[in-house]
2 protein chains.
Amino acid sequence: MSRREVDVPSLVEQARAGSPRAVARLITLVENDHPALREVMAALAPHSGHAYVVGLTGSPGVGKSTSTSMLVSGLRGRGLRVGVLAVDPSSPFSGGALLGDRIRMTDHVLDPEVYIRSMASRGHLGGLSWSTPQALRVLDAAGCDVVLVETVGVGQSEVEIAGLADTTLVLLAPGMGDGVQAAKAGILEVGDVFVVNKADRDGADSTVREIRHMISLGDRTEPGLWRPPVLKTVADRHEGLDELLEALDKHREWMADGELHRRRVRRAGAEIEAIAVAQLRERMGVLGHGKDLETAAEQVVAGDTDPYAAADEVVSAL
Amino acid sequence: MSRREVDVPSLVEQARAGSPRAVARLITLVENDHPALREVMAALAPHSGHAYVVGLTGSPGVGKSTSTSMLVSGLRGRGLRVGVLAVDPSSPFSGGALLGDRIRMTDHVLDPEVYIRSMASRGHLGGLSWSTPQALRVLDAAGCDVVLVETVGVGQSEVEIAGLADTTLVLLAPGMGDGVQAAKAGILEVGDVFVVNKADRDGADSTVREIRHMISLGDRTEPGLWRPPVLKTVADRHEGLDELLEALDKHREWMADGELHRRRVRRAGAEIEAIAVAQLRERMGVLGHGKDLETAAEQVVAGDTDPYAAADEVVSAL
């Protein structure tokens, strides 16, 4: 076997047996869109569906990394195996690190039951990288009980993380007009649990009240619907950790009644669709390489045809 | 002819003759994805390519609307017909208004040579709506010499507007750490002209210096490349308008040497691709309606298959 070839079955076996190196290698394969990617995904499929996925999002400065670290401690205290995916250009975990390399999360660096990985956000300003769902599958098959996905909340990433996670945690900090603005703009709909971190600062209670008030105005107050709790934490002192774990448990219990399956089917559907679209896009040819698409574009610019008629031709040529 | 049918050739003829009502009607058709949309696009194609498209982007609070209004005045002073598309949830033009309805741009409301339209941003937080390029085609065919597209700069919308515009204007305000952060994050690459608005405030000169410095660090200093100017304006007093118009003229002249055509071909290509992908997506079936995609998603969740194998099946079923 040449050095370039990858023994996928053996890597997956090692990852399932708890080898951090094998997990790291598999995630690197999916991140680099390696030719073995399809084989990796096929090998992981039978071992998927165990991990519970918690998304953490919030504006820069609310304490996402500290909160992630606190949650890891809490989950490890329950004896659970934990994965962390940090999809955040500003995260201190940045740099393609697994278990120790350039990581500030020193509490957990030497814990063999914690996998930490930062993901590049590939052209999305703060958005989720294309390979995040695939990295999730690796951590899931490696026996993680919980995977925390941390992403900075700008633009669409809150919505993306909500599509990816079983439970979405929205972090805010006291007195951040930004946080509340963001909440107005869409975070309210995607959060399952709200946390006002840095709650020892002035204004924490009024931020809590504001968020509670906004939730009460939404359409989530019908009986049977999940009503997102609003908690307070001081993550660097682990204050509020028990209440947060309890809130996550409650949401997970609520989800178990059908909603978890629905979310996961929706998520898998979106993933399949994204892969299918990427395949079709590739067939169409990236502009500049694909002659047909470029010719069509020239014709549109010349006014000889319109984009819809041109699209028909491109599609029928597939 | 029933009331629901649309006489497209007559509407296009009226729009070309300068009827604001016909222009409004056509934009409404494209916004609502009306069945006549394809006929509208085909009818507009021969009349496209005249309008010069200027994109304006910037964080909330930098004065985008005031700057747009100032630019409209300047362009009208040259006797040009001007279109304005405000793709901005926070814009005072919000609400689907054309020429007068809920518009604060009072200076231009009664000017028959100015078309103003706000576009919903359809699920994108501040991003460009799907129908923006199509609305541009309507304004182009209606004889606009310049179309200003205003969008709030969050997340990916700066990049989107740069894809859409012939010249991209990035607005900043003095002392906004945010603005500079955004600049670092990607605005620097997309801006053709930078404007520090509210330049009568403290810190304007240092913001100008900061942006100039950052540009000098980039890869835009090679001979032959466009070097983005950094200007100062006080839009509500029209200060700096002449210099701004001059900078736009210069960029347009520079673009005329091949780059304008290249940008427009790239733009048309992206538009064709987006339409083609949407068509294919529709064939795949929106999740929840399309049985095949949902079945495939269920199988992925059950671990019976992986997303790649499922995507292959979905694509081959097209």
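How far is B:Pro46 from itself in the other copies, in nm, if each label sits 7 Å out from Cα along the Cα-Cβ line, shortest first?
Copy-to-copy label distances at B:Pro46, shortest first: 6.4 nm.
Using the structure shown, select from B:Lys198/B:Lys250; A:Lys64/A:Lys250; A:Lys198/B:Lys64 the pairs with a Cα to Cα distance greater than 27 angstrom.
Result: A:Lys198/B:Lys64 exceed 27 Å.
Taking every pair of distinct Cα atoms and averaging 1/r, then inverting, what Kirkwood hydrodynamic radius in Å comes out for region B:1-90?
Computed over region B:1-90, the radius equals 15.3 Å.
Counting other beta carbons within 10 Å of each residue's own, what order do A:Arg81, A:Arg237 fall into, fewest first?
Ascending Cβ contact count within 10 Å gives the list A:Arg237, A:Arg81.
Short version: ³J(HN,Hα) in whole Hz for each residue of region B:38-48, in order, from phi by Karplus 6.51 cos²θ - 1.76 cosθ + 1.60 (θ = phi - 60°), x for Gly and Pro, what are they?
In residue order, the calculated couplings are 5, 5, 4, 4, 5, 6, 7, 3, x, 10, 10 Hz.
Quick one: order B:Thr151, B:Thr233 by neighbouring beta-carbon count within 10 Å, fewest to most.
B:Thr233, B:Thr151
Hey, how much of the P(r) for region B:199-284 falls beyond 20 Å, as a percent of Cα pairs?
59 percent
Using the count of nearby Cβ atoms within 10 Å as a rough guide to exposure, how do B:Val87, A:Val147, B:Val190 rank from fewest to most?
Sorted ascending by nearby Cβ count, the order is B:Val190, A:Val147, B:Val87.
So, counting K/R as plus one and D/E as minus one, what does the shell of residues with Cβ under 13 Å around A:Arg262 add up to?
-1
Place +1 on the Cβ of every Lys and Arg and -1 on the Cβ of every Asp and Glu in region A:190-261, take the dipole about the Cα centre, and give the residue among A:Met214, A:Val190, A:Thr233 whose Cα lies farthest towards its positive end.
With unit charges placed on the Cβ atoms, the residue in question is A:Met214.
Pop out the ³J(HN,Hα) list for region A:189-204 in order, Karplus 6.51 cos²θ - 1.76 cosθ + 1.60 with θ = phi - 60°, rounded to Hz; leave Gly and Pro as x.
Residue by residue, region A:189-204 yields 6, 9, x, 9, 9, 10, 10, 8, 7, 6, 6, 7, 8, 4, x, 4 Hz.
Using a label point 7 angstrom from Cα along Cα-to-C-beta, what distances in nm, from shortest up, separate A:Ser206 from the other copies?
2.8
Tell me, what HN-Hα J-couplings in whole Hz come from the Karplus equation 6.51 cos²θ - 1.76 cosθ + 1.60 at θ = phi - 60° for each residue of region B:309-315, using x for Gly and Pro?
Along region B:309-315, the couplings run 4, 5, 5, 4, 5, 4, 5 Hz.
Would you please give the residues with an amide H less than 5 Å from that of B:Ser118, counting only those at least 5 places away or on a separate chain, with H modeled from the backbone geometry?
Amide H neighbours of B:Ser118: B:Ala86, B:Gly96, B:Ala97.
Would you mind counting up the charge near A:Pro112? Only other residues with Cβ under 13 Å from its Cβ, with Lys and Arg at +1 and Asp and Glu at -1.
Spelling it out: positives minus negatives among the neighbours equals +1.
In nm, to one decimal, how far is the modelled label at B:Asp257 from the one at A:His261, with both set 7 Å along Cα→Cβ?
It is 6.6 nm.
Assume the label is 7 Å from Cα along Cα to beta carbon: what separations in nm does B:Gly258 have to the matching positions in the other copies?
Copy-to-copy label distances for B:Gly258: 6.3 nm.
Using 7 Å Cα-to-Cβ label points, what is the B:Gln279/A:Asp242 separation (nm, one decimal)?
Output for this residue pair reads 6.2 nm.
Evaluate 2.2 N^0.38 Å with N set to the residue count of region A:269-316, then give the Cα radius of gyration divided by it.
1.29
Once the other residues with Cβ under 11 Å from the Cβ of B:Leu280 are scored (Lys, Arg +1; Asp, Glu -1), what is the net sum?
Net charge around B:Leu280: +1.
Taking R0 as 25 Å, what FRET efficiency do you get between A:Ala302 and B:Lys250 from their Cβ-Cβ distance, rounded to the nearest 0.05?
0.40
Taking 0.36 nm per intervening residue step and subtracting the Cα-Cα distance, what contour gain separates B:Arg78 from B:Arg227 on full extension?
Residue separation times 0.36 nm, minus the Cα-Cα distance, leaves 51.1 nm.
For B:Thr233, what residues show an amide H to amide H distance below 5 Å, using hydrogens built from the backbone and excluding near sequence neighbours?
Correct list: B:Val196, B:Asn197, B:Lys198, B:Ala199.
All of the numbers you see were taken from the coordinates with simple rules; none came from a lab. Please read all numbers here as calculations on a predicted model, not as lab measurements. Because the Cβ atoms are built from the backbone with ideal geometry, glycine has one as well, and the counts that use them run over all protein chains shown.
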